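> One structure, as structure tokens, below. Some questions next.
Derivation of every value follows stated rules applied to the coordinates shown; laboratory data play no part. Since this is a predicted model, take the numbers as computed values, not measurements. Positions of Cβ are backbone-derived with ideal geometry, glycine not excepted, and every protein chain shown enters the neighbour counts.
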Amino acid sequence: MQQPDEHKRQRSTKEKLDKYGGNKRRLWNEYGPVKARTQYLCDILFAGDYHEMALAAGVCYRQLYRILYGHSRLSIRLAGQLVSRLGVRAEWLLCGAGSVFTWPEQADYFHYMPKLTSCYYTRNAVNVIPGTHFLPVPQSDREAVLSPTDVQRFEAAARSVFRARVHNKPVLFFLDDAAFTVSAPDIWRQFFSKKYANILMATLAGACHDLALVAETPPADINTVALTAATAGAGYGETFCRVAFREEEARNQSLLASVFHSGIPVWLSAEIGEIVNHTAPSAREPELGAAIGAAAYVDLLALAEQVPNFFGNPGGVVVVCGSPRRAVNAFLAQLPALTHTYPDQKGFVFILFQSPRHYDANLESDIIKHGGRVIYLLEPTVTAMTQLLQSCDDAYAGKLQTHD
């Protein structure tokens with residue numbers, strides 16, 4: 001006589017064979033493409049963490065686990081959750097057709113971007129390391145003592161900015177993480193609201209600090225922003241400012257977003273490895289790195305298009321707060337391709353916030369050799385930033401002699 005449990009087990013097996021045929025792995029084989037695409041989403045958005053993906057999609061972890069391991073089919077309800085919560089295109093998820101993600105003009109990005117704040121990349125992308133301060137507090141917020149020579153340097157910098165803007169030349173601010181202390185963004189914002197500067201370029205580290213100043217939990221994942229930008233063929237900076245901030249209040253608090261929404265170009269200079277674990281190890285790490293590179297490349301092309309406008313007498317100005325070598329190299333790298341069209345490449349000015357102990361003679365030599373000149377200011381303390389703003393105010397008010 002058969003035992004009840006044995007009879008139940010045989011009946012269950014028979015039902016599976018009737019439904020799926022003799023191959024017990026047929027369910028896995030038929031479901032393979034959709035499962036692979038679902039796994040792809042889990043890898044690129046959540047570093048393979050099923051719990052995080054289930055939380056963001058608003059579904060049961062066990063249900064998602066069974067689907068990803070081929071034990072269950074993707075239900076209509078779960079597919080709808082992935083499409084609505086994560087911004088995935090249904091055609092791609094079910095059929096593999098077209099791009100992975102939708103674009104803001106086609107869908108309400110602000111509806112689902114906040115759902116990604118729990119993902120693995122968010123916690124690592126902002127460079128939060130136990131035992132360290134997230135923001136560079138000590139140097140940039142202390143008071144600095146200005147000597148008469150220091151004041152003259154700030155006045156020379158202000159004259160260069162004034163002459164550039166009067167002659168419709170660009171003034172670009174290149175800001176690294178050192179420029180995003182708690183009080184600094186309010187100072188930088190005034191340069192743009194007063195039209196002293198008309199282009200903002202930040203490093204990816206600076207953008208992460210900008211996010212952190214808006215909210216304790218960053219409202220977006222910079223890697224997802226990169227994937228979105230690469231899918232749409234848009235720039236990293238533009239996409240960051242458009243989709244990384246859900247609430248209007250957050251956009252107003254963000255230096256990058258508020259400047260962008262005032263009509264000023266914002267670009268990001270991104271480098272793989274710049275942020276600790278910002279490409280966490282996963283099966284899809286190459287695709288994510290390619291997306292970051294593609295998004296940043298669009299911004300680099302925008303910079304290349306603007307470089308000729310910095311030539312002349314007077315020329316344009318690049319104000320650098322942090323990473324001077326990186327900012328200078330990004331600019332000078334565009335010059336060889338412009339030699340035939342613009343043989344007279346000179347007149348541009350680099351204004352560097354830099355401590356004397358970090359003086360780089362080779363950097364200054366490179367700038368002068370290519371036709372530019374350098375003005376050194378003090379290290380980027382709040383006092384130094386405020387002094388440059390005050391000197392620019394004086395130049396526009398006619399309190400400074402604005403010609404050599």
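> Considering the dipole of region 142-264 built from charges on the beta carbon (Lys and Arg +1, Asp and Glu -1) around the Cα centre, which of P170, T239, F191 is farthest to its positive end?
Of the listed residues, the answer is P170.
> Same structure, new question: Can you list the residues, at least 5 places off or on another chain, whose amide H is less than 5 Å from the amide H of G48, using H built in the peptide plane?
Correct list: D43.
> Let me ask another. Please rank D43, D393, fewest neighbouring Cβ atoms within 10 Å first, as an exposure proxy. List each step's numbers first, then the result.
Values: D43 19, D393 15.
Going from sparsest to densest Cβ surroundings: D393, D43.
> In addition: Rounded to two decimals, what is the ratio between the C-alpha radius of gyration of region 323-371 and 2.2 N^0.38 Å?
On the way: Rg = 11.8 Å, N = 49, 2.2 N^0.38 = 9.7 Å.
Against the empirical 2.2 N^0.38 Å value, I get 1.22 for region 323-371.
> A further question on this structure: Around L377, which amide H atoms from residues at least 5 apart in sequence, or from another chain, sit under 5 Å from its own amide H, with H modelled in the peptide plane?
Hits under the 5 Å cutoff: L352, F353, Q354.
> Over region 137-396, what lengths in whole Å, largest first, do the semi-axes of the equivalent ellipsoid take, defined as the square roots of 5 times the eigenvalues of the alpha-carbon gyration tensor? Before the final figure, lay out the partial values.
Details: eigenvalues 163, 100, 58 Å².
Semi-axes, largest first: 29, 22, 17 Å.
> Can you tell me the dipole magnitude for region 312-375 around its Cα centre, using point charges on the Cβ only (Lys, Arg +1; Asp, Glu -1), in Debye to the nearest 20? Please list the in-between numbers first.
On the way: 6 positive and 4 negative charges, 22 e Å.
For this selection, approximately 100 debye.
> Taking amide H positions as placed in the peptide plane 1.01 Å from N, state which residues far from S269 in sequence (5 or more) or on other chains have amide H under 5 Å from it.
Placed amide hydrogens put A202, T203, L204 under 5 Å from S269.
> Taking neighbour counts of Cβ atoms within 10 Å as a proxy for exposure, in what order, fewest first, do W188, W267 appear? Display every interim value, and only then the final one.
Values: W188 23, W267 27.
If I rank by nearby Cβ atoms, fewest first, I get W188, W267.
> Would you mind ranking E379, E52 so that the residue whose beta carbon has the fewest other beta carbons within 10 Å leads the list? Spell out each step's value before the answer.
Details: E379 18, E52 21.
Final ranking by Cβ density, sparse to dense: E379, E52.
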